[in-house]
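No value in this document is a laboratory result; all are computed from the given coordinates. Computed from a predicted structure; not experimentally measured. A quick note on method: Cβ atoms are made from the backbone with ideal geometry, for glycine too, and the neighbour counts reach across all protein chains shown.
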Amino acid sequence: MLENEERNYWLGFSVFSGVGPIKFKKLLAQFGSAKDAWEAAKTDLEKVLREKLAEKFDQFRNAFSISDYARRLLREGVSFIITRDRDYPKLLSKIKNPPFVLYIRGDKEILLRQLTDQNDPSTLRQAQGSGQAKYIAVVGTRRTTQYGREVTAILTQELVAAGFIIVSGLAIGIDAISHKTAIENGGATIAVLGCGVDCCYPLTNQSIYNSIVSGNGCVVSEYPLGQRPSRGSFPARNRIIAGLSLGVLVTEGAEDSGSLITADYALSFGRRVFAVPGPITSSLSKGPYKLIAKGAKLVTSGQDILRELKITNLKSQTLNKSQNTKFKTESKEEQKILDLLRNEPLHFDEIVRRSGLDSQKIGSVLSFMEIRGMVKGLDGGAYSI
């Protein structure tokens with residue numbers, strides 16, 4: 001039997017909603033191949049699928065054309081890999097019940113460069129300077145604060161500078177910020193969807209989706225083309241995010257945030273979990289603090305993550321140096337403002353008070369610093385670096 005023919009039968013089963021990784025594994029055990037399972041008599045299928053599901057599948061396969069569906073994938077620029085492919089992501093293959101078919105839209109090579117064993121520090125060190133990739137997930141709340149947005153952007157930028165590919169779920173909030181920051185800093189990113197790869201959900205992130213598939217990474221899903229997201233598809237999506245990644249970083253989230261589901265999956269897979277402490281007065285800091293109490297690594301910089309993973313990357317070695325030399329001040333006033341903003345954002349009035357300088361002078365200096373990208377204006381008249 002041709003290998004491509006067998007792979008296409010795997011593809012056919014991935015479209016049928018009644019068969020997931022567990023049932024598909026049982027079908028292979030019972031019939032020996034996807035082709036034989038697809039062509040099996042309904043009475044034989046009932047031994048695995050039970051009577052009602054076998055009847056439903058029988059109706060599905062009689063109406064469904066695998067060849068037409070395969071041609072549709074080609075037309076829409078979508079590829080797929082199965083768990084038996086040599087280039088199936090190694091870390092993902094090690095989780096319990098990995099997707100037996102993974103759809104990919106965008107740069108497939110991003111997935112194919114994954115390390116053989118990212119949990120082995122020696123393997124990580126050997127990968128430095130090679131074409132192999134290190135993946136890390138950055139996730140969090142949809143309802144972000146200014147603090148959460150800033151720390152997510154800062155840490156993502158540092159991780160990209162250290163050579164990581166950023167994995168997230170394309171949701172609004174932290175997910176979107178991590179994808180966007182990776183792209184803006186010349187990195188690559190993988191969006192794991194809770195729908196088909198031909199669907200962008202939510203639509204507000206269409207521009208990020210387009211940027212990813214046009215050359216800055218790829219979107220992946222275990223769901224067939226055209227499938228819309230459902231309530232249960234997001235927790236299932238979260239297991240893939242954790243499964244692909246060396247570790248999961250949660251930057252902000254409530255106590256019941258979906259990002260904690262991703263972190264729990266990571267722990268169950270033996271992956272690292274990292275959490276960013278936030279203001280204790282914020283409900284969106286409760287998620288990270290809950291993870292820290294359970295043993296997650298408290299991090300405040302990308303270097304914390306690299307140290308925990310025992311990674312010494314040439315890119316990361318220049319990280320602190322580049323941060324320290326990022327801004328060349330042109331006056332004592334600029335240096336004073338940078339020193340004031342180094343640890344926290346401040347309101348304009350507070351900058352004036354702490355600096356002891358004239359408000360008109362501070363306003364003029366801040367304007368020039370903002371134009372040059374040295375500071376950022378925030379909501380309500382505050383500034384940060």
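Quick rundown of the values:
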| item | result |
| --- | --- |
| Residue among N205, N97, N343 with the largest mean-square fluctuation in a Gaussian network model of the chain, springs linking Cα atoms under 10 Å | N343 |
| Cysteines in the chain lacking a second Cys C-beta under 4.7 Å | C200, C218 |
| Rounded tilt (10° steps) of 259-268 against the dominant C-alpha axis of the chain | 60 degrees |
| ³J(HN,Hα), Karplus 6.51/-1.76/1.60, whole Hz, each residue of region 201-208, x for Gly, Pro | 9, x, 5, 5, 9, 4, 5, 5 |
| Reachable aspartates and glutamates from K134, criterion Cα separation under 14 angstrom, eight or more residues apart if same chain | E109, D117, D120, E158 |
| Charge dipole (debye, nearest 20) of region 3-75; +1 at Cβ of Lys and Arg, -1 at Cβ of Asp and Glu | 320 debye |
| Partner lysines for K336 [C-alpha distance under 18 Å; skip if fewer than 8 residues away on the same chain] | K326, K328, K361, K376 |
| Region 76-87 - phi-based ³J(HN,Hα) in whole Hz, Karplus 6.51/-1.76/1.60, Gly and Pro as x | 8, x, 10, 10, 8, 10, 10, 4, 8, 6, 5, 9 |
| Cα-based convex hull, the chain, per residue volume (Å³, whole number) | 147 Å³ |
| Electrostatic dipole magnitude of region 189-298 [Cβ: Lys, Arg +1; Asp, Glu -1; Cα centre; debye, to 20] | 260 debye |
| Under 5 Å, built H, 5+ apart or other chain: amide partners of L249 | A137, V138, V139, F274 |
| Highest-fluctuation residue, G247, G18, G363 considered, GNM on the chain with Cα pairs under 10 Å | G363 |
| Cβ-based net charge around L203, under 15 Å, with every Lys or Arg adding one and every Asp or Glu removing one | 0 |
| Helix-derived mean residue ellipticity, 222 nm - over the chain, DSSP H n ≥ 4, -39500 (n - 2.57), to 500 | -14000 deg cm²/dmol |
| Region 327-384 shape via C-alpha gyration tensor axes, a/c threshold 1.5 | rounded |
| Charge context of A70, other residues only, Cβ under 12 angstrom, K/R +1, D/E -1 | +1 |
| Electrostatic dipole magnitude of the chain [Cβ: Lys, Arg +1; Asp, Glu -1; Cα centre; debye, to 20] | 580 debye |
| Neighbour cut-off at most 15 other Cβ (10 Å), DSSP loop, trypsin sites (Lys or Arg not before Pro), region 327-382 | K328, R342, R372 |
| On Cα atoms only, tilt of 146-161 relative to the major axis of the chain in degrees | 70 degrees |
| Straight-distance crosslink candidates among lysines, where the alpha carbon sits under 23 Å from K35 and sequence neighbours closer than 8 are dropped | K23, K25, K26, K47, K52, K56 |
| Most mobile listed residue (S211, S268, S282) in the chain, GNM with C-alpha springs under 10 Å | S282 |
| DSSP bridge pairs, the chain: antiparallel proportion in percent, nearest 5 | 40 percent |
| Average Cα contact separation per residue, region 327-384, under 8 Å, 6 or more apart, as relative contact order % | 39 percent |
| Relative contact order of the chain, defined on C-alpha pairs under 8 angstrom at six or more residues apart (%) | 13 percent |
| Acute angle (nearest 10 degrees) that the helix 3-15 long axis makes with the longest principal axis of the chain, alpha-carbon atoms | 70 degrees |
